[in-house]
Amino acid sequence: MEHFLSALGDILLPLNFALLFAGSALGLLVGVLPGLSSPMALALLIPIAFGMEPISAFMILIGVYVGTKTGGAFSAILMRTPGTPAAAATAMEGYPMAQRGEAGRALGLAIGASFIGGTLSWLVALPLIGVIGTFAVRISSADLALIGILALAAVASLSGNDLLKGLIAAALGLVFSTVGVDELSGVPRLTLDSYHLLGGVPFLAAIIGLFAVATVLIDISEATSSQAQPAQNNRFSVLEIIRDLWIMRKVLGVGTVIGSILGIVPGVGSDTAGWLSFAYVKRQVELGRIAGDRKIGEGVPQGVAAPEAANNAVTGGATIPMLTLGIPGDGSTAIMLGALMLFGLQPGPLFFRESPDLAYGILIALGIANLTTLLAAFMFIRPFVAILKIDRAMLLGTVLVLALVGSFASSNTTYGITIAVAFGILGYFMHRFGYSIPALALGLILGPVIESNFRRALLITRGDYWVFLTSPISLICILIIVFIGAKFCFDTWRRGRNQKNRLA
Amino acid sequence: MAYFIRTLVTGAVFSALAAATAPVMAQEFPTKSIRIVNAFAPGGATDTAIRGLTQNSDQVIDQPIVIESVTGGAGVTGILKVARSDPDGYTLLVADTVMVTLPLFQDSLPFSIADFKAVGVFNLRGAWLLSRPSKGWTSLADFVEAAKAEPGALTVGVPSLSSPQHLAVIAVEDAFDIDVNIVPYGGGAPTMAALLGDQIDAAMPGAPAGLDSVNAGEAVFLVASTEIELDKYDGEIISFMDAGINHDLGIWTAIWAPKDTPDDVMERLSDIFGTMAQSNEWTTFARGYGVTPIWKPLDEASAYIKASSESLSDLAKLVE
Amino acid sequence: MKAQSQQEVVTLMIIVAFAALIFWETREFGGATNGQISPGAFPRLAAGTMGMIAVIRAVLLLTRVAQPSHSGVGQWAWATLKRPFGAAVLMTIYTAAFESVPFAPLTVAFVFSAFLIFGVRPWKRLLIGTAIASSFLYLLFVQLLNVGV
């Protein structure tokens with residue numbers, strides 16, 4: 001306990017706190033720019049971090065990590081092009097809000113929700129540190145496969161009226177996810193005899209293509225000429241935002257829970273958390289359980305708050321197993337693990353015992369980074385909203401270049417740009433023909449989770465399918481899937497019957 | 001006459017100068033920053049190794065050494081990039097044994113090891129077999145006994161299928177004529193996670209992954225694929241050779257240059273990296289996180305890599 | 001309505017063809033071996049589902065049970081396709097030239113052309129905008145991130 005307090009004291013020292021703040025600001029900027037991502041930024045910072053004391057280095061790294069989660073919302077709301085994959089869901093309602101002149105409010109909600117999601121999940125995780133890691137590793141391959149399938153069910157909600165088309169899009173995403181060397185058998189699949197695809201479809205480049213490039217293509221086809229943006233109601237008050245967030249507390253809670261749980265699940269992470277939370281909000285609006293007269297797509301504030309809370313809530317679940325067991329939860333924490341090794345440290349079960357100051361320092365920084373991000377972000381709102389005054393065509397053009405060069409930087413290969421362009425064009429046509437891009441993205445993300453784990457589960461039991469019914473998590477997932485399926489059938493039947501009654 | 005003498009003297013002076021600067025010019029390499037391409041995941045073992053090696057490069061040369069991460073194509077993209085770059089010694093590749101095992105499992109790769117010349121091999125680690133205390137195995141013999149009792153039932157996790165770690169498991173199977181269920185995961189971390197979560201009976205990650213868990217008593221060491229030196233491990237290291245397995249399987253990390261790089265540049269590179277590889281900073285750092293610092297330059301490196309490649313190739317043939 | 005319906009059926013047929021392509025591309029994978037699922041199984045499952053659903057929807061459309069539901073490319077109106085098409089061509093050229101042409105001039109040319117296609121006028125704004133955007137990109141990617149093949 002005294003280590004915890006002493007580390008807390010260290011963090012609040014001016015130097016460390018300033019570094020954390022600087023990291024958060026940097027993370028925000030990285031998050032804003034489509035094409036730059038958290039793992040990329042962290043990898044670039046390692047040489048710099050190397051020259052510092054470990055604790056100071058990690059102030060910056062953790063600050064950047066948490067900052068990017070919020071930064072993505074800025075470009076999602078202002079330009080409908082999410083700066084990070086995790087913020088893609090925020091754009092769905094955030095951008096319409098900006099179009100109604102509520103950009104400042106949307107940003108404030110996003111920032112506030114991010115803070116709440118991140119801090120709450122951190123506070124809840126703190127007393128459970130010892131247990132979280134142990135729990136995380138007990139999730140078996142069978143469990144993971146079922147969790148993935150369950151997450152895929154969110155596609156149904158995201159497709160709206162066009163369930164069939166949504167399923168097609170998700171299936172296409174699943175097909176794309178199988179490209180590359182098959183993890184379970186070592187043979188290359190669907191690689192078109194090109195070595196470029198041996199590692200699979202470059203994920204970040206594909207997301208940049210689907211959400212940034214496609215959005216630009218769609219937007220320029222609709223504008224008739226270079227035009228100014230809608231006037232912004234720049235007067236938003238912090239008190240109003242706090243009040244709004246309080247009104248949305250249930251939705252925020254759900255988002256935080258979704259994010260916290262998904263943070264522990266390897267391979268799923270913040271991208272999925274955002275979409276699942278959004279799917280939840282969408283369903284709530286359709287069921288009329290959310291006050292207000294706006295429909296989905298018209299700027300429902302909850303649609304901004306929930307995904308943002310969720311994608312920040314992921315950070316705890318991804319970082320804590322790294323600290324307690326040496327098992328990273330996502331790409332960014334994997335790089336932080338590498339950084340720890342560069343400092344000559346051994347992350348693992350003894351980390352807290354052997355390097356308590358650093359271990360507790362990182363843990364506390366994770367929580368306080370939410371605060372520093374909040375502060376830094378609020379400073380950025382005015383200048384960023386001012387960006388909206390720039391000629392729309394120029395904004396779109398700049399975003400397009402950013403996206404393309406960013407997709408190069410994501411892997412340092414020209415192939416990254418090719419993928420971004422290809423998926424951008426695909427996304428354009430999908431939008432034109434009414435196929436859900438988020439559904440494709442979910443398929444792309446969840447495909448490996450579902451397939452690898454399903455096959456691995458069967459490999460371990462040598463073909464015994466009972467494994468899917470023997471673990472509590474698996475059983476719960478199956479029950480939920482069955483329940484959702486039954487409810488869906490029931491709803492459809494009842495809707496059909498109502499229609500018939502009305503026609504009769 | 002004066003003009004003639006002046007020309008003669010000028011010519012002589014210039015020739016002398018040229019002669020004097022020629023060796024200096026060769027000595028001046030590098031004149032710009034050297035780029036080392038890492039074709040594999042940032043933050044991984046190769047990344048840590050090369051960053052650790054080059055962290056004090058300013059003590060050896062004036063120009064900076066930049067580590068460039070070029071991912072994609074399961075590593076092929078980065079490897080090809082170096083293979084196709086100018087052979088002037090400014091673009092190098094760092095890679096570990098995967099350079100050799102990848103072609104064993106994938107046909108028609110657009111590169112081969114013949115496209116490169118080794119500058120030097122600078123560290124060595126091994127694969128090590130770990131299990132859980134709850135299994136009650138304290139040595140490889142216990143493991144083998146359990147495997148014989150239930151053929152095909154014991155699950156052993158490996159980081160990936162075309163890796164030296166996978167081949168290490170094959171070596172164990174071959175030596176004792178046992179059959180285990182090899183389960184691939186997507187990397188060392190998920191493999192350790194699966195072991196710690198008791199989802200598999202044993203795991204063969206690349207040392208020192210899992211070292212902390214072993215020291216904490218969460219994992220038990222059974223055997224290592226080569227003579228590794230782990231300062232931070234309290235127990236005794238038993239290698240394949242000690243345990244009666246006739247395969248010495250080391251996971252080495254090396255630096256390569258494109259094959260047409262001139263010999264004098266290769267010599268110079270070998271000097272530069274040799275100095276770093278034998279420096280106190282690197283050796284202390286390497287031992288600190290659990291790898292064995294070694295240095296085998298140029299021809300010695302090529303021979304070493306070739307021997308390793310042949311031994312791994314023999315094992316690869318045993319994979320169905 | 002009918003034209004939209006036809007357009008959608010066409011895209012659905014393309015989807016079915018793509019699914020068939022996937023089946024073709026995964027033909028050489030064997031069946032299941034000792035409890036393991038073949039590498040071809042999952043891609044085929046996904047592609048097969050995709051194709052089947054496409055067929056179902058096409059049938060629903062053709063029998064007028066379902067309504068077409070997309071903004072479509074409205075009789076393939078050139079006006080709305082013009083800019084995206086131009087942008088797509090521009091991006092393709094940029095990607096193709098990325099390894100041969102130096103980064104800075106290529107990107108400036110791209111920015112200028114993009115602004116031009118997107119309709120940034122008058123000319124003064126176009127030029128100034130290009131300059132500012134290019135400087136920003138240069139500072140960010142070349143100086144800070146060391147990009148530049």
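Taken together, the values in this text are just the output of simple stated rules run on the coordinates, not laboratory data. What you are looking at is a predicted structure, and each value in this text was computed from that prediction instead of being measured. Cβ coordinates were reconstructed from backbone atoms using ideal geometry, including for glycine residues, and neighbour counts include every protein chain displayed.
Laid out as a table, the results:
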{"read-out": "Trypsin sites (Lys or Arg not before Pro) restricted to the stretch A:404-478 and DSSP loop, no more than 16 other C-beta within 10 Å", "value": "A:Arg462"}
{"read-out": "Under Karplus coefficients 6.51, -1.76 and 1.60, residue-wise ³J(HN,Hα) of the stretch A:13-22 in Hz, glycine/proline x", "value": "4, x, 4, 5, 4, 5, 5, 4, 5, 4"}
{"read-out": "Nonlocal amide H pairs with B:Val223, under 5 Å, H built at 1.01 Å", "value": "B:Leu129"}
{"read-out": "Signed unit charges on C-beta, dipole axis of chain B, positive-most listed residue B:Ile61, B:Leu129, B:Ser279", "value": "B:Ile61"}
{"read-out": "nm² value of the averaged projected area, convex hull over the Cα atoms of the protein assembly as shown", "value": "45.1 nm²"}
{"read-out": "Fraction of beta bridges assigned by DSSP in the protein assembly as shown that are antiparallel (%, nearest 5)", "value": "65 percent"}
{"read-out": "Loop trypsin sites (Lys or Arg not before Pro), the stretch A:351-416 (other Cβ atoms within 10 Å of the site Cβ: 16 or fewer; DSSP)", "value": "A:Lys389"}
{"read-out": "Farthest positive-ward along the protein assembly as shown dipole, Cα basis, beta-carbon charges - from A:Leu363, A:Ile139, C:Met13", "value": "C:Met13"}
{"read-out": "Helix-only [θ]222 nm of chain B, DSSP H runs n ≥ 4, -39500 (n - 2.57) each, per residue, nearest 500", "value": "-13000 deg cm²/dmol"}
{"read-out": "Charge dipole (debye, nearest 20) of the stretch B:128-224; +1 at Cβ of Lys and Arg, -1 at Cβ of Asp and Glu", "value": "200 debye"}
{"read-out": "Of the DSSP H helices in chain B, those whose Cα atoms cover at least 27 Å axially and whose Kyte score averages 1.0 or more", "value": "B:2-27"}
{"read-out": "Mean ellipticity per residue at 222 nm, deg cm²/dmol - from DSSP H runs of n ≥ 4 across chain A, formula -39500 (n - 2.57)", "value": "-24500 deg cm²/dmol"}
{"read-out": "Pairwise FRET efficiency - A:Ile476 versus B:Leu104, Cβ, R0 = 41 Å, nearest 0.05", "value": "0.45"}
{"read-out": "Efficiency of FRET between A:Asn501 and C:Val65 - r from beta-carbon atoms, R0 22 angstrom, step 0.05", "value": "0.70"}
{"read-out": "Pairs of alpha carbons in the stretch B:128-224 whose separation is greater than 24 Å (percent)", "value": "9 percent"}
{"read-out": "Point-charge dipole on Cβ atoms (K/R +1, D/E -1) for the protein assembly as shown, about Cα centre, debye to 20", "value": "5360 debye"}
{"read-out": "Selection from A:Leu442, A:Gly23, A:Val401 lying farthest towards where the dipole of chain A points positive, charges on Cβ", "value": "A:Leu442"}
{"read-out": "Fraction of beta bridges assigned by DSSP in the stretch B:128-224 that are antiparallel (%, nearest 5)", "value": "50 percent"}
{"read-out": "Taking N as its residue count, the alpha carbon Rg of chain C over 2.2 N^0.38 Å", "value": "1.59"}
{"read-out": "Net dipole in debye of chain A [+1 Lys, Arg Cβ; -1 Asp, Glu Cβ; about Cα centre; nearest 20]", "value": "1620 debye"}
{"read-out": "Computed E for A:Asp193/B:Gln278 - FRET, C-beta separation, R0 60 angstrom, nearest 0.05", "value": "0.85"}
{"read-out": "Sorted by Cβ neighbour density within 10 Å, fewest at the top, the residues A:Trp246, B:Trp256", "value": "A:Trp246, B:Trp256"}
{"read-out": "Share antiparallel - DSSP beta bridges, chain B, percent rounded to 5", "value": "60 percent"}
{"read-out": "Relative contact order for the stretch A:375-473, counting Cα pairs under 8 Å that sit 6 or more residues apart, in percent", "value": "10 percent"}
{"read-out": "Mean separation of Cα contacts under 8 Å, 6 or more apart, over the residue count of chain A: relative contact order %", "value": "28 percent"}
{"read-out": "Sequence of B:Ser69, A:Ser177 once ranked by neighbouring C-beta atoms within 10 Å, starting from the fewest", "value": "B:Ser69, A:Ser177"}
{"read-out": "Cleavage-rule hits, trypsin sites (Lys or Arg not before Pro), the stretch A:37-129, DSSP coil, Cβ neighbours within 10 Å at most 16", "value": "A:Arg100"}
{"read-out": "Exposure proxy ranking, count of Cβ atoms within 10 Å, fewest first, for C:Thr49, A:Thr324", "value": "C:Thr49, A:Thr324"}
{"read-out": "Cα-based Rg / Dmax (Å) for the stretch B:46-196", "value": "19.2, 61"}
{"read-out": "Mean Cα-pair separation over length for chain B, i.e. relative contact order, pairs under 8 Å, 6 or more apart, %", "value": "25 percent"}
